[in-house]
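> One structure coming up, written as structure tokens, with questions to follow.
The values are calculated or read from the model by the stated rules, or taken from the named source; none is laboratory data. Please read these numbers as outputs of a predicted model, since none were measured by experiment. Cβ placement follows ideal geometry from the backbone for every residue including glycine, while neighbour counts extend to all protein chains displayed. What goes into the accessible areas is simple: the full protein's heavy atoms, side chains included, and nothing from ligands, DNA or RNA. Shrake-Rupley method; radii C 1.70, N 1.55, O 1.52, S 1.80 Å.
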Amino acid sequence: MDELVARMTRRTLLRRGAAGAVGLYAAGAVGANAFGATRVKAGGVTLNWLTWSDHYFPAQLSAVQKSAGIGARPQLFSDDSDSYVKVKAGGGGWDMSSEDALWVPKFYNEGLIQAFDIKSFPVAKQLYPVALDVPFWKAGSNQMGYPFGWSSLQIYYNPKYVKTKPTSWHALLNPAYKGTIVLENQPTDLMAMGGIATGAKKPYDMTTAEIARSKEFLTQLKPNILKLVSQNTEVIRALSDGSAWLTIENIGTDARVKDAGGPQIEIATPKEGIYGWMDAEMLLKESSNASSFEPFINAMEQAPWIAKNFLTNGRPLFNEKAYKILVNTGHKERADKFHYNEPERPLGMVLKGPSSNAQAYIDAFNEAVGA
């Protein structure tokens, strides 16, 4: 067990909890209905799945269980390192995990996942070709994960309260916004954001001095944070009910708030630059149900479900056939506005990934925000 896992002590978890969100947790009982997990009992196989809430619908899991005979037991996490810690500690208790961008090769290089021949999956024919040839997700002729979705992360704000467009990350430090910012509880990524704001050359691989500057940025940001939350659905709720004025979120957040009956929300791109993610579904190496991974993915990733997922959650996905469904059902304008038909776009971003000094990121975040 590496240093990051070994140092996730109860004290650290409590400090994360003080920030008002789910922390980096030690491995618990598999199948516990924690963090809003949805249970689906299959007559045959049930896959234990570490993921985010926007990767599935309960009705979708039920339909897949009926059609494929494979159930899923999702357990939600917020930060990629949460899943990493759980997989490292949980061994064969988990079958699948969703993970962002450069975290996928970390899992592979540490022997935590199995690469597979993605072209043998019938549903893979529905993907954009670029999704089948992401360089850092390749393991020889095989693939490390099944491509799902992607997004950049930028500032969203309520113009009723935020009168000046926040075109810099430093705008979030304005004392006028005290207790009005709601963010997803993602320490590594918020540290990277602080790094971008303060000029770090490699936001996910900062030097000691750059980490210190990012920590100071987050320390100044803390009074403005109303709460840190586990899932982006909670951010949408806060923007919709007016308790949050600003956030850092995925493409399509403005439309989701409008769909929820909330106020007009605007987008701002900080001048210092933005970061983003592209995620994939991974087969864990110690899964005892590895043979069920392909049929489960084949059923879950069908275009009609993916089109519905886009309309519900806003950010683009890698299923090209779903884009065609959106076009044919009158949703082309929305899909194009949110860059659905630009699957190569995330490859040019600063992408989420692990730090070579992960514990320093976590410690700095805890000291700045979680204390």
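> Only one of these conditions is not met by I325: (1) aliphatic (A, V, I, L, M); (2) over 18 Å from the mean Cα position of the chain (by Cα); (3) modelled with pLDDT under 95. Which number is it?
If we test I325 against (1) aliphatic (A, V, I, L, M); (2) over 18 Å from the mean Cα position of the chain (by Cα); (3) modelled with pLDDT under 95, just (3) comes out false.
> Here is a further query. Could you tell me which of the residues G199, G195 is crowded, with 22+ Cβ neighbours inside 10 Å and of a type in the set (G, A, S)?
Exactly one residue qualifies, and that residue is G195.
> Anything in region 158-186 that is over 16 Å from K227 (Cα atoms), part of a helix (DSSP H, G or I) and aliphatic (A, V, I, L, M)? List them, or say none.
Selection gives A171, A176.
> Something else now. Regarding A299, is this residue farther than 25 Å from L132 by Cβ and in contact with a strand residue (DSSP E or B) (Cβ under 8 Å, 6 or more places away or on another chain)?
The answer is no for A299.
> Go through region 116-135 residue by residue and tally those that are open to solvent by less than 10 Å² (accessible area, probe 1.4 Å), closer than 16 Å to A101 by Cβ and in a helix (DSSP H, G or I).
Going through region 116-135 one residue at a time, the tally reaches 1.
Residue-wise test of (1) within 24 Å of L190 (Cα to Cα); (2) in contact with a strand residue (DSSP E or B) (Cβ under 7 Å, 6 or more places away or on another chain); (3) open to solvent by 10 Å² or more (accessible area, probe 1.4 Å).
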{"residue": "Y56", "(1), (2), (3)": "no, yes, yes"}
{"residue": "A59", "(1), (2), (3)": "no, no, yes"}
{"residue": "S62", "(1), (2), (3)": "no, no, yes"}
{"residue": "F77", "(1), (2), (3)": "yes, yes, no"}
{"residue": "G93", "(1), (2), (3)": "no, yes, yes"}
{"residue": "V104", "(1), (2), (3)": "yes, yes, no"}
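> Can you name every residue in region 136-151 that is in contact with a Phe, Trp or Tyr (Cβ under 9 Å, 6 or more places away or on another chain) and surrounded by fewer than 21 Cβ atoms within 10 Å (Cβ to Cβ)?
Across region 136-151, the qualifying residues are A139, N142.
> Taking into account only those residues within region 349-360 that are over 18 Å from the mean Cα position of the chain (by Cα) and part of a helix (DSSP H, G or I), which is nearest to V104 (Cα to Cα)?
It comes out as Q359.
> Against the condition closer than 26 Å to Y146 by Cβ, out of contact with any Phe, Trp or Tyr (no Cβ under 6 Å at 6 or more places or on another chain), free of Cβ contacts under 8 Å to residues at least 40 places away in the same chain and open to solvent by 10 Å² or more (accessible area, probe 1.4 Å), how does T329 come out, does it pass? Let's see the steps before the verdict.
Numbers: closer than 26 Å to Y146 by Cβ: yes; out of contact with any Phe, Trp or Tyr (no Cβ under 6 Å at 6 or more places or on another chain): yes; free of Cβ contacts under 8 Å to residues at least 40 places away in the same chain: yes; open to solvent by 10 Å² or more (accessible area, probe 1.4 Å): yes.
Yes, satisfied.
> Going by what's in this entry, would I155 be described as under 23 Å from the mean Cα position of the chain (by Cα), outside any strand (DSSP E or B) and more than 27 Å from P105 (Cα to Cα)?
Criteria not met by I155.
> Next question. So, in region 313-330, how many residues would count as being under 19 Å from I267 (Cβ atoms) and assigned to a loop (DSSP other than H, G, I, E, B)?
Final tally of qualifying residues: 3.
> Out of A303, A307, A244, report the one residue that is farther than 30 Å from W169 by Cα and over 19 Å from the mean Cα position of the chain (by Cα).
A303
> What are the pairs, 6+ residues apart or on separate chains, where a residue within region 285-298 that is over 12 Å from N48 (Cβ atoms) has its Cβ under 8 Å from a residue that is part of a loop (DSSP other than H, G, I, E, B) and among the aliphatic types (A, V, I, L, M)?
Matching pairs, first to second residue: K285/L112.
> On to the next question. Between a first residue in region 225-242 that is in contact (Cβ under 8 Å) with a residue 60 or more places away in the chain and a second residue that is open to solvent by 30 Å² or more (accessible area, probe 1.4 Å) and of a type in the set (V, I, T), which pairs have beta carbons less than 9 Å apart while being 6 or more apart in sequence or on different chains?
Note: pairs meeting the criteria are L228/V22; V229/V22; S230/V22.
> A further question on this structure: Checking M300 against (1) touching a helix residue (DSSP H, G or I) at 6+ places or on another chain (Cβ under 6 Å); (2) open to solvent by 10 Å² or more (accessible area, probe 1.4 Å), only one condition comes out false. Which one?
Every listed condition holds for M300 apart from (2).
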